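Chemist: Handing you this structure, nothing more for now.
Quick note: the coordinates plus some simple rules give every number you see, no bench work behind them. Note that the coordinates shown come from a computational prediction; the quantities given were computed from them, not determined experimentally. Positions of Cβ are backbone-derived with ideal geometry, glycine not excepted, and every protein chain shown enters the neighbour counts.
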Amino acid sequence: MTRPTALYRAIRWLCLGATLVGAGMAGAARDAGAVQGLHHDLAVRLDPGSGELFVEDTVAVEGGGDLAFALARRLAVERVLVDGVSVTAVMQPVHAQRNQWRIPLGQARKVRTVVVRYRGRLDALPAADHREVLHGLRPSADPRGSFLPGGTGWYPEIGAAHFTYRLSLDLPAGQRGLVPGRLIAERNEGGRYRATFAFVRPAEAIGLMAGPYQVREQIVERESAEPLRLRTYFYAELADLAEDYLAAVGRYVELYSRWIGPYPFTEFSVVSGPLPTGFGMPTLAYLGADVLRLPFIRGSSLGHEVLHSWWGNGVYADFERGNWSEGLTAFMADYTYREQEGPEAARQARLELLRDIAAIPPGQDPPLRQFTSRSHGTSQIVGYHKGTFLFLMLRDLLGAPVFDAGLQRFWHDRQFTVASWADLERAFEAASGRTLDRFFDQWLARPGVPRLRIETARSARNGPGHRIWVTLAQDQPAFTMTVPVVVTTPAGRTEYPLNVDGVRQEFVLDVPARPESVSLDPDFRVLRRLDSAEMPPTLRQLMVDPRTATIAASAAEEMRALAAELARALLDHPHAIADGGSWRGDSPLLVIGLSADVDRFLARVNLPGRPRQVGIRGTAQVWTSYQTNGKALAVVSAASVDALRALRRPLPHYGRQSYLVFDGPRVVERGVWPAHSPTWHFAEKEQ
Ligand SMILES: [Zn+2]
């Protein structure tokens, strides 16, 4: 197992949605020396124009033997002093991008002051797009924006221990810069910008950013804590967004301070960068200028990052025993914002999470405890989505006041220490006075998720009301959980929470009026594998399925070529265009063509026809449905060659939709077909 590096904890790819999801990062070479009480005092001079970096690091270390540290290969040590005496550092390459340096400290175990002076020339920004940047994160210096990420060896990396630091930064006039932590001082002097920062909590890495920024600041007074300094470090062209960002950060800090406990730092900054990426660090979020313009950043990603000030950067996740911080943050940020929009938006959010979970092939769905950090799609779904559901079900079980008391206790007891799932469990047990080990064990340790169904149901008159016998079933081995079922009568809907713990169980429910139907978890509050009726088909199903075949319904050579081009843009695994005449109907199918040809083809091979919702409106219509064999079907129907060509760029962005109507490249209508949870309809006559 590759151990997540400190880089992951201290600098995290922001959760910006699929387009910006990062690939894994190269691990830092670390020497697990027995260094304790580590403190760096760094004087950093950076000239973005020339790329020249000059640093003097004064380290207080406790311990004997050799002091080993890693430094990027571009940087050369010029001088080392131990307690004021010059010593020779021995260099050894350990990694494609870094060297290891060793300094003899002597035998006595006492606190020593080591001064390391080093310099080098950093690369300018890569010209390529962010994908390339994601694969080899290196410190770079550039007048448009410098970024020296933590874990890339731009400062001496000593052991794997936490450390505190103070850093003074010296930049040419016109540039501003920062590192995570409290701003102690800043001034413009002698044609230079100088600022000093201190990080007094245990840090795992230091990220440094600089650029031609305009700084906007807002000081927020707090009742029982020091004032809070909110800042934007934005490029001039983003000036119009600064006020909105400051206000949004202020709102998020207030929300979570009230919900969990006071914000644990004295600053939060939003920093713009030249590349289309996003990183979260303690006390700041660093985002590409183009990314900052996306509306969902202020609406959710920013709040998610602010919340990591508590979960992740305030209480550290125990990566060896599972990362709880992403699930808890996703629940209290991303999911919570959908709840704030209203019950229908929250239900839709739960359905989307369960749909993603259902897309994991059975048997490849690892336990939540195995999630350590985001590395690929499945791992992200497990860590974020299953995590969200764990906390949602826990809140449903305990009630919101007790759940919140558990969160507050966890924060109070564990801030600035490493905590595990077991620590969370203990906090919720203390707050609720109940034993939760079965709940946590089951949802953390078991692979897969339950698959629930209504096996049978009947009803009969019972005194003035009616009685229902309903049998719920699930796959072996059974999960234990509370499953809401909803009974509909002419008088309305009534919800019954049923405690399920067997493979097949009958429940008896008394209802006041004659029941019409009983539905299983129609509001999607339980972590479970949806059945296909609950998953109205969307484009994404066909886009990710490696078996999806494409048929060009129009025979003209130009149309076939366009269909192939569209299939390549849309599908993760495009195959050659299949021949409509030989279609056997044994795989998911994408049909592309002119409207009349499409309708003719669907009728000829007995596939569901054009839905009323799309008709022949606009210049092109796209819809999904199921073939009679249960496999998904998507149809792209265009009024002309030009109308079809206009879909190539926009269409791949609409994977979550079931149907769309286009006018040229513009979407004029879209939607998801309704989902039907497992429902038993009672006959008119009771048995
Ligand atoms: Zn996160």
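Chemist: Would you work out if the stretch 316-445 is rounded, prolate or oblate? Take a ≥ b ≥ c from the square roots of the eigenvalues of the alpha-carbon gyration tensor; rounded if a/c is under 1.5, else prolate when a/b is larger than b/c, oblate otherwise.
Modeler: Details: a/c = 1.66, a/b = 1.18, b/c = 1.41.
Note, shape of the stretch 316-445 comes out oblate.
Chemist: Name the long-range amide H neighbours of Gly465: under 5 Å, sequence gap of 5 or more, or other chain; modelled H, no Pro or chain starts.
Modeler: Sorted by chain and number, the residues that satisfy this come to none at all.
Chemist: Distance between the C-alpha centers of the stretch 545-603 and the stretch 417-441? Whole Å please.
Modeler: 52
Chemist: Please list 3J(HN,Hα) in residue order for the stretch 333-340, calculated via the Karplus relation 6.51 cos²θ - 1.76 cosθ + 1.60 where θ = phi - 60°; whole Hz, with x for glycine and proline.
Modeler: Running phi through 6.51 cos²θ - 1.76 cosθ + 1.60 with θ = phi - 60° gives 10, 3, 5, 4, 5, 5, 4, 5 Hz.
Chemist: Another question about this same structure. For the stretch 539-671, count all C-alpha to C-alpha pairs, find those more than 24 Å apart, and express that count as a whole percent of the total.
Modeler: Values: 1359 of 8778 pairs.
Cα-Cα pairs of the stretch 539-671 separated by over 24 Å account for 15 percent.
Chemist: A further question on this structure: Note down the relative contact order for the chain as a percent, whole number, built from C-alpha pairs under 8 angstrom at least six residues apart. Walk me through the numbers before you get to the answer.
Modeler: Working: 1502 pairs, mean separation 58.3, N = 687.
Relative contact order of the chain: 8 percent.
Chemist: Using θ = phi - 60° and the Karplus relation 6.51 cos²θ - 1.76 cosθ + 1.60, list the HN-Hα couplings for the stretch 541-547 in order, rounded to whole Hz, with x at every Gly or Pro.
Modeler: 3, 6, 5, 8, 7, x, 8
Chemist: Just to be sure I follow the definition: excluding the sites themselves, where is the longest run in the chain that has none of the trypsin sites (Lys or Arg not before Pro) in a DSSP loop with at most 10 other Cβ atoms within 10 Å? Intermediate values should be presented prior to the final figure.
Modeler: On the way: sites that count: Arg584, Arg612, Lys685.
Free of exposed loop sites, the longest segment is 1-583.
Chemist: So if a site counts as exposed when it's one of the GluC sites (Glu not before Pro), its DSSP state isn't H, G, I, E or B, and it has at most 11 other Cβ atoms within 10 Å, what's the longest stretch of the chain without one?
Modeler: Numbers: sites that count: Glu221, Glu223, Glu684.
Within the chain, the longest run free of exposed GluC sites (Glu not before Pro) spans 224-683.
Chemist: For the chain, just list the percent of Cα-Cα distances falling in each 10 Å bin from zero outward, please.
Modeler: 3, 13, 20, 21, 19, 13, 7, 3, 1, 0
Chemist: If you don't mind, there's one more thing I want to ask. Can you compute the modelled spin-label distance between Arg584 and Arg321, with each label point 7 Å from Cα toward Cβ, in nm?
Modeler: Spacing of the two 7 Å Cα→Cβ label points: 5.4 nm.
Chemist: Using only helices, what value at 222 nm comes out for the chain when you add -39,500 (n - 2.57) per DSSP H run of length 4 or more and divide by the total residues, to the nearest 500 deg cm²/dmol? Provide the component values of the computation, followed by the final result.
Modeler: On the way: 17 runs with 154 residues, N = 687.
Helix-only estimate at 222 nm: -6500 deg cm²/dmol.
Chemist: Also, I was wondering about something else. Pick out the long, greasy-scoring helices in the chain: whole DSSP H runs spanning 18 Å or more along their own axis by Cα, mean Kyte-Doolittle at least -1.0.
Modeler: Working: long enough: 242-259 (26 Å, -0.23); 343-358 (22 Å, -0.38); 400-414 (21 Å, -0.56); 557-570 (20 Å, 0.20).
Within the chain the helices that satisfy the rule are 242-259, 343-358, 400-414, 557-570.
Chemist: Got a sec to turn the phi values of the stretch 42-56 into Karplus ³J(HN,Hα) couplings, 6.51 cos²θ - 1.76 cosθ + 1.60 with θ = phi - 60°, whole Hz, x for Gly and Pro?
Modeler: Taking θ as phi minus 60°, the curve returns 10, 10, 10, 10, 10, 10, x, x, 8, x, 6, 10, 10, 9, 10 Hz for the stretch 42-56.
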